[in-house]
Amino acid sequence: MHLFARCLLGNSSLHSSVYLPNSGRLPTGPKEDSSQLVAVIKSGWLDKNPPQGVTSAGELKFEVATSNRTFIFRAESEVERNDWVTVLQDCTRGRQQHSTMNPGSPLTPYYQGYLELKGLRSKLYTVVASDKVFLYKNMDDYRIGVGITSIDMNVGNVKDTDRRSFDLTTPYRIFSFIADSEQLKEQWVDAMQVAIGEALSNSEVAEQIWSEPSNSLCADCGAPKPEWAAINLCVVVCKRCAGEHRGLGPSISKVRSLKMDRKVWTEELIQVFLLLGNERVNSFWAANVPPSEALTPSSCSEERRCFITNKYRQGKYRKYHPLYGNQRELNNALCINVQSSDLLETLSLIFCGADVNCSTGMTSWPSPLSLANAHSQPLQAELISHNLNTEVGGVMDVVPYSAPPCVSYSGFLFKTASMTRAITERKTREEFSRRWCTLNDGTFSYYENDKNSNPNGVLKSSEIVCLAIDTAEKHGYNNTFELYSESERLYLFGTDDPDSHKEWVKSIAKSFIPATAEPLLRLGFERIGRLKCKDGLNLQTSKVGWFALVGSTLHTFLDDAQGEEIHLRKLNELSIQQDNVLVLVERGRTLYIEGERKLDFSGWCSSIQAAARSGGDALNQQQLTETDIPIIVHSCIGYITQCGLTSEGIYRKSGVNSRVAALLERFRRDARSLCLKDSEHQVDDVSNTLKRFFRELAEGLFTSQDASTWLTTAAIQDESIKISQYKQLLTRLPRVNKATLQALINHLYCVQCYSELNQMNIHNLAIVFGPTLFQTDGKDYTAGRAIEDLIQHYTLIFEVRLLVMMENGKHNTVCIALKSTEPGGHFICTVYLEEKKDTTEQHVKIPGSMTAAELTCEVLDLRNISAKDKDYWSCWEVCDKEGMERPLHYQERVLPILHSFGTDSHLIIKKHIAMEALIAFLASKMDASKHGLIKFREERGKLGLGLTSGNFHDRYFILSSNSLRMYKDVRVRLTGTKTHISNRPERDWTVKNLKVYLGIKKKLRPPTWYLCCETQSELREWYATFLSIQHDGNVWPQDGLLQTRVSRVLPDMRHGNVSLIPLRGSENEMRNSVAAFSQGPLAVSRPSNHWD
């Protein structure tokens, strides 16, 4: 909505103002007030927006900001707008709002620079100062003090959202910023968090505490201006040390802020800290600190954690009281001392074992606290009250001391400067410096030379989280390795001596790998280290695991469990989630590896992904199935069995060379992600891809060592001796080669069974595959003879049981029935009406273009059933094993669904009794989103166990137009009509990629995960919202199902002289298939109600 207003700008001796009349006329007032208005400076018509200095706002707009509202105007031309802005700036000059900031402002910026704001094409100049964030159009506006807005950080919250993005959330808006780099983003986030702390803080207490000079330095590391304190230990500490104090727990250290915890700081507690001070307190706590163990402001987190634990939990450095060990005397001394003003003595007694709750022996004052109050010692009482539940003295936790591993090694290595980013380029020899390195008592040190006594740098074994061995000659030195530290730094070392390199790797690994994971050290690993991992639904609890990558196998030791192996080339899924989680899915188990530190986690991800891909041209370097068959072989054989068994000249005809080369390259790059489809790939292209794979295979299928023996065996005349020799040679093949050869010969045996159709008998197949598999030039017929023998005597050589052959025959018969002889390549499918019974099955020819609606109409026509408008007949995909079903969208193609079927799935035509309610709900729904609490359960396998979780868990879900997000805990904040969730989702799925099934039975075993609603109406609403989002609101044809019919001739009930065979069903169903064609119209049974 826009309002047109005539604007009059005037000047008076009292003030400058902008007058905005409500009508086209100038306001008239009492004559006695007219003297207040003086000469008009400018007037004219402006287009005015409803309310939301002065700054240009684009599109001929400008803003006029007052103390309580902002007006947006639009002029007729740019010249007129600039004129208005100039006049207004002249009138308001010198009266900038207090929140506007410029270089001359008394506020000193913490950080400033350009940030991109999502939704705008240009960047804004952003300044973080004191407790505010200021936004300017550019640096020039910042210099003259003309800002867009200022954000008070006392209502702000900063949250990471992406690699370079972060959100600044306020009650009135979420500002989504994008920095130029990840490092700059972290600096911006830090600066804004400082501003939030400044906005929420009260520096009055801090200034009082700091008035004692020793309190102005951290009691643990000496950092200046510490803003935290352990109120029971009476020490003032910095932010980093305070974090480690919190790790001790409140029973040992009660950490409070000097600036934010104002209520805690009573006048008595402030006086305690002023009288004691860090210097006097440390005369007790840090009386015996070795110089080598003392902290500095630059000490790392691990050093701080170790020191603070030793100092306060174990009391390692304290000055022992003369009465230490004598509980009775300590208690008596405490009772006497609390009657005086000696606070340090009381502190010493308490933390050397005196019981603050001991009995004084006096009825009137039974405890030291009451005794202190009775003798007017409020400071003593304050100190005691904060230590009533503190673990001290003899009951202090004793951390078992474990001696560092006895590993020592020394020698020269070549080192580059340490880095904070992954190495992406080759380091030349000139970038390395020669350093004398030592590993002793769990400390890795490097020196300028072997004469120096002061190291250039020190890396403790406890700080090392990963050791990676580079490939030979990756950098300027032949042998290099990388060390990753807890503090996100990478150290690269190298040498030309392979023996020295091997010894260094062995020694360093042994120094930081615990005894529980010691078997990893015996492996020829490429990368070894510590990671956090989670499994199944228990995403809130991480386990510490030790991992070693050896070739394509990931070895793991989780907690105290036995070691396990994950074969990366056999994974069903390998992906990286948005929240830095690497997901590894094997059959029966799922493992989530968590990125605790970005630097080493990115290295692990790259290495694991590379190891999971095909590693070369050798057979055992391919991505494999669970039965050790390369996925490329398994996929090609499966596709040809389904689509090409009857194709004339299969394996003899050539495909398109460019397509074959591209397909083979895709398989080699990542066979796991490639799915062959009839609509995208040609049979001859796939068959030639398989042949080229075997022809280019390193070492060949029969191995270079034994290939000649196989050919010699083919020349043996005695069939029984020849078969015996083949069987013996088969046992000598490597495991992958043997499994692949059996799978291929089994496939060729099936192909020749249909030689009347495909013209490829045993002899023709042997001519094609002999030179291919033995990698010969084709002139020697012996290779073809060997393949002919293997196909002809397949059951004897591979010892295949008759039952297996019968099952294979049934499968191939079904595949032949699937493939029509028509040029269109139609498939034959068994569809059931209302329920799965012999009397309800219908066999339908499925062309590639047939939709679910067309299939539904065709089945109803075949059964002479007239459908009414409100019947909502639909085609359903039903999975008996999982106890679930899914109504296909009326525009969904049927053929891809058939290709993805399992043997326990089928199609059924029945009424969708809830569709009318779904349509009514969507018609009344204002937006395509939904959120609420749902019970959630996921199939999860503990590492090594195929166990499923039996429990549902309450989770909060938000379904939007793009994603389905799951939250464990939510903090919902409403802004107008919008709902904001303030924490990160536990899981995030893309809605368009989800398939939503409905449960048929209770106590299901989910194929992936499923949701459970409390009521059927709630289930309908969620399901309707899913359908609406996935199909852009088009959940049912507007003109009804009957309008989707197509003009097609009803399928011939016979295929040549052979009755049609159903796609799915038992042997009994196949035998009865002919009878099903002659059935008359069926009586439609009463539909089962999903939604009751």
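For the range 874-890, the criterion of a residue being in a helix (DSSP H, G or I) and touching a Cys at 6+ places or on another chain (Cβ under 7 Å) is satisfied by no position. Identify the residue in the range 357-391 that is crowded, with 22+ Cβ neighbours inside 10 Å and over 17 Å from residue 276 (Cβ atoms) and, among all such residues, is nearest to the chain's Cα centre (by Cα). It comes out as 368. Checking every residue in the range 474-495 against the condition of being exposed (fewer than 13 other Cβ atoms within 10 Å of the Cβ), outside the structural domain of residue 608 (by TED's automatic domain parsing), not in a strand (DSSP E or B) and not basic (Lys, Arg) gives zero matches. Residues that are buried (at least 18 other Cβ atoms within 10 Å of the Cβ) and in a loop (DSSP other than H, G, I, E, B) within the range 165-180 comprise just one, 179.
Within the range 863-875, the residues that satisfy the criterion of being crowded, with 20+ Cβ neighbours inside 10 Å and either within 27 Å of residue 678 (Cβ to Cβ) or among the hydrophobic types (A, V, I, L, M, F, W, C) (or both) are 873, 874, 875.
Counting only strands (runs of 3 or more DSSP E) wholly contained in the range 114-161, the ones carrying 3 or more residues that are in contact with a helix residue (DSSP H, G or I) (Cβ under 8 Å, 6 or more places away or on another chain) occupy 123-129, 132-136, 157-160. For the range 566-617, which residues satisfy the criterion of being assigned to a loop (DSSP other than H, G, I, E, B), under 29 Å from residue 701 (Cβ atoms) and among the acidic types (Asp, Glu)? Answer for the range 566-617, where residues must be assigned to a loop (DSSP other than H, G, I, E, B), under 29 Å from residue 701 (Cβ atoms) and among the acidic types (Asp, Glu): just 617. Looking at 221, 234, just one residue is within 39 Å of the chain's Cα centre (by Cα) and at pLDDT 90 or above, and that residue is 221. Annotation: of all residues in the range 373-407 being closer than 30 Å to residue 449 by Cα and out of contact with any helix residue (DSSP H, G or I) (no Cβ under 8 Å at 6 or more places or on another chain), the one that is modelled with the lowest pLDDT is 403. Taking the range 744-857 as the region of interest, the helices (runs of 4 or more DSSP H) fully inside it that hold 3 or more residues being crowded, with 20+ Cβ neighbours inside 10 Å and at pLDDT 70 or above are 762-774, 782-792.
The set of residues in the range 454-504 that are touching a helix residue (DSSP H, G or I) at 6+ places or on another chain (Cβ under 7 Å) and among the aromatic types (Phe, Trp, Tyr) comprises 477, 481, 484.
One line per residue, one yes/no per condition, for (1) farther than 27 Å from residue 597 by Cα; (2) modelled with pLDDT of 90 or more; (3) touching an Asp or Glu at 6+ places or on another chain (Cβ under 6 Å):
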position	(1), (2), (3)
139	yes, no, no
149	yes, no, no
155	yes, no, no
159	no, no, yes
171	yes, no, no
215	yes, yes, no
230	yes, yes, no
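Return the residue satisfying two criteria in turn: it lies in the range 590-646 and is among the acidic types (Asp, Glu) and at pLDDT below 85, and of such residues it is surrounded by the fewest Cβ atoms within 10 Å (Cβ to Cβ). Among them, the one singled out is 626.
Listed by position, the strands (runs of 3 or more DSSP E) enclosed by the range 181-259 include none that has at least 2 residues that are surrounded by fewer than 20 Cβ atoms within 10 Å (Cβ to Cβ).
Listed here are the residues, each with its yes/no results for (1) modelled with pLDDT of 70 or more; (2) more than 20 Å from residue 135 (Cα to Cα).
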site	(1), (2)
50	no, yes
59	no, no
64	yes, no
69	no, no
77	yes, yes
95	no, no
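In the same structural domain as residue 372 (by TED's automatic domain parsing) and either surrounded by fewer than 15 Cβ atoms within 10 Å (Cβ to Cβ) or under 38 Å from the mean Cα position of the chain (by Cα) (or both), is that true of residue 336? Against the criterion (in the same structural domain as residue 372 (by TED's automatic domain parsing) and either surrounded by fewer than 15 Cβ atoms within 10 Å (Cβ to Cβ) or under 38 Å from the mean Cα position of the chain (by Cα) (or both)), residue 336 qualifies.
The values are calculated or read from the model by the stated rules, or taken from the named source; none is laboratory data. The structure displayed is predicted, hence computed values, not measured ones. Positions of Cβ are generated from backbone atoms using ideal geometry, with glycine treated the same way; all protein chains shown enter the neighbour counts.
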